[in-house]
Amino acid sequence: MKKTAEVNWANGMQLIGKSESKVPIVIGQSSGEEGQMNSPMELILLGLCGCTALDVVHILKRKRQDLTALQVKVDAERAESHPKIYTSYHLTYVIRGRNLSEKAVMAAVKLTRETYCSVSAMLEKSAPITHKIEMIDDAAE
């Protein structure tokens, strides 16, 4: 399955990227006057969080869990010298819902990590990925 994407230089250190979705995204390195932009390395972290989060939402919805909020955070370590690759990732899943099954949540995270998330499967070939899960029961509040 072939996929395509492109970037076009806009000005300074700013690029406009598009993939098959055709939704533009600003990529670059901020130098003050150009505004805030996501760097290519930040997009990798966002891709990791987004991929695993979408899987978890999909799996929990299929398991008929009453999910009310999900946040996936990543803390990554980056090498000091060039190329400054990521050397480790630690994901934190903050999962809110009403009467969530701990077993269902654990299974959803396991499935995204071991089966479904293409981004984590690719990144884990070069650096370890660890995780923790925080569950918040809205029914108890």
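The values are calculated or read from the model by the stated rules, or taken from the named source; none is laboratory data. No experiment lies behind these values; they were computed from the predicted model shown. FYI the Cβ positions are ideal-geometry reconstructions off the backbone, even for glycines, and counts take in every protein chain you see.
Screening the range 88-141 for residues that are within 20 Å of L46 (Cβ to Cβ) and of a type in the set (S, T, N, Q) and picking the one that is surrounded by the most Cβ atoms within 10 Å (Cβ to Cβ) gives T112. Just one residue in the set R64, R96 is among the basic types (K, R), in a loop (DSSP other than H, G, I, E, B) and at pLDDT 95 or above; that residue is R64.
For the range 1-42: of the residues being of a type in the set (D, E, K, R) and modelled with pLDDT under 90, which is farthest from the chain's Cα centre (by Cα)? Filtering the range 1-42 for residues that are of a type in the set (D, E, K, R) and modelled with pLDDT under 90, the one farthest from the chain's Cα centre (by Cα) comes out as E33. Considering L45, L70, the condition of being under 13 Å from the mean Cα position of the chain (by Cα), at pLDDT 95 or above and not in a helix (DSSP H, G or I) is satisfied by L70 alone. Among the residues of the range 87-141, the ones that are of a type in the set (D, E) and touching an Asp or Glu at 6+ places or on another chain (Cβ under 9 Å) come to 1 in all.
Summed over the range 119-140, residues that are touching a residue at least 40 places away in the same chain (Cβ under 8 Å) and part of a helix (DSSP H, G or I) total 5. Among the residues of the range 80-94, those that are touching a strand residue (DSSP E or B) at 6+ places or on another chain (Cβ under 8 Å) and of a type outside the set (K, R) comprise I85, Y86, T87, S88, Y89, H90, L91, T92, Y93, V94. Candidates T130, T115: the one that is under 20 Å from H58 (Cβ atoms), at pLDDT 95 or above and not small (G, A, S) is T115. Cβ-Cβ contacts under 9 Å between residues 6 or more apart (or on different chains), taken from a first residue in the range 69-87 that is exposed (fewer than 15 other Cβ atoms within 10 Å of the Cβ) to a second residue that is assigned to a loop (DSSP other than H, G, I, E, B) and not small (G, A, S), are listed as R78/K84; R78/I85; A79/I85; T87/P128.
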